[in-house]
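Right, one structure below, let's go through it.
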Amino acid sequence: QVQLVESGGGLVQAGGSLRLSCAASGNIFSINAMGWYRQAPGKQREFVAQVTSGSSAAYADSVKGRFTISRGNARNTVYLQMNSLKPDDTAVYYCAAVGKNKDYWGQGTQVTVSS
């Protein structure tokens with residue numbers, strides 16, 4: 001089992017920046033990739049970014065050039081640096097981990113971008 005805890009959400013004005021953090025605990029050696037998803041009110045959860053154990057990163061088109069995903073020196077941490085935030089980025093952001101046999105999800109952290 002893997003447990004994920006997110007932090008770093010909050011309220012920011014359009015054009016501002018936030019950095020989300022996610023710490024994994026438990027069987028972290030089973031994790032192949034970690035990433036971020038988000039869900040805005042009334043919308044489905046959508047992919048934001050992912051980084052593999054080999055540090056290969058992928059991004060949704062809507063965040064390319066603005067968001068950067070990275071892994072900490074410890075295998076169990078992933079960050080999402082969000083710059084040039086827009087009101088459309090307002091959502092609950094969820095950390096996700098891809099394990100050998102199942103995926104794991106955090107509880108989510110709210111990001112609100114005011115216009």
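The values are calculated or read from the model by the stated rules, or taken from the named source; none is laboratory data. From a predicted model like this one, the values you see are computed outputs, not experimental measurements. Cβ placement follows ideal geometry from the backbone for every residue including glycine, while neighbour counts extend to all protein chains displayed. Surface areas here come from the heavy atoms of the whole protein model, side chains and all, with no ligands, DNA or RNA. Shrake-Rupley method; radii C 1.70, N 1.55, O 1.52, S 1.80 Å.
Table for the structure above
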| quantity | calculated |
| --- | --- |
| Looking only at the range 14-45, and only at residues there that are under 11 Å from the mean Cα position of the chain (by Cα) and basic (Lys, Arg), the one that is most open to solvent (accessible area, probe 1.4 Å) | Arg19 |
| Residue in the range 46-67 that is nearest to Trp105 (Cα to Cα), counting only those that are exposed (fewer than 14 other Cβ atoms within 10 Å of the Cβ) and at pLDDT below 95 | Ser53 |
| Test set (1) open to solvent by 30 Å² or more (accessible area, probe 1.4 Å); (2) under 17 Å from Gly16 (Cα atoms); (3) assigned to a loop (DSSP other than H, G, I, E, B); (4) in contact with a strand residue (DSSP E or B) (Cβ under 8 Å, 6 or more places away or on another chain) - Gln107 fails condition number | (2) |
| Residue within the range 86-101 that is open to solvent by 60 Å² or more (accessible area, probe 1.4 Å) and at pLDDT below 95 present | yes |
| Filtered residues of the range 68-77 (kept if within 14 Å of Tyr37 (Cα to Cα) and either touching a Leu at 6+ places or on another chain (Cβ under 6 Å) or modelled with pLDDT under 95 (or both)) | Ile69 |
| All strands (runs of 3 or more DSSP E) inside the range 14-90 with 3 or more residues being of a type in the set (Val, Ile, Thr) | 46-52 |
| Members of the range 50-84 that are among the charged types (D, E, K, R) and touching a residue at least 40 places away in the same chain (Cβ under 8 Å) | Arg75 |
| Residue selected from the range 1-13 under the condition of a type outside the set (S, T, N, Q) and part of a strand (DSSP E or B), by the criterion nearest to the chain's Cα centre (by Cα) | Glu6 |
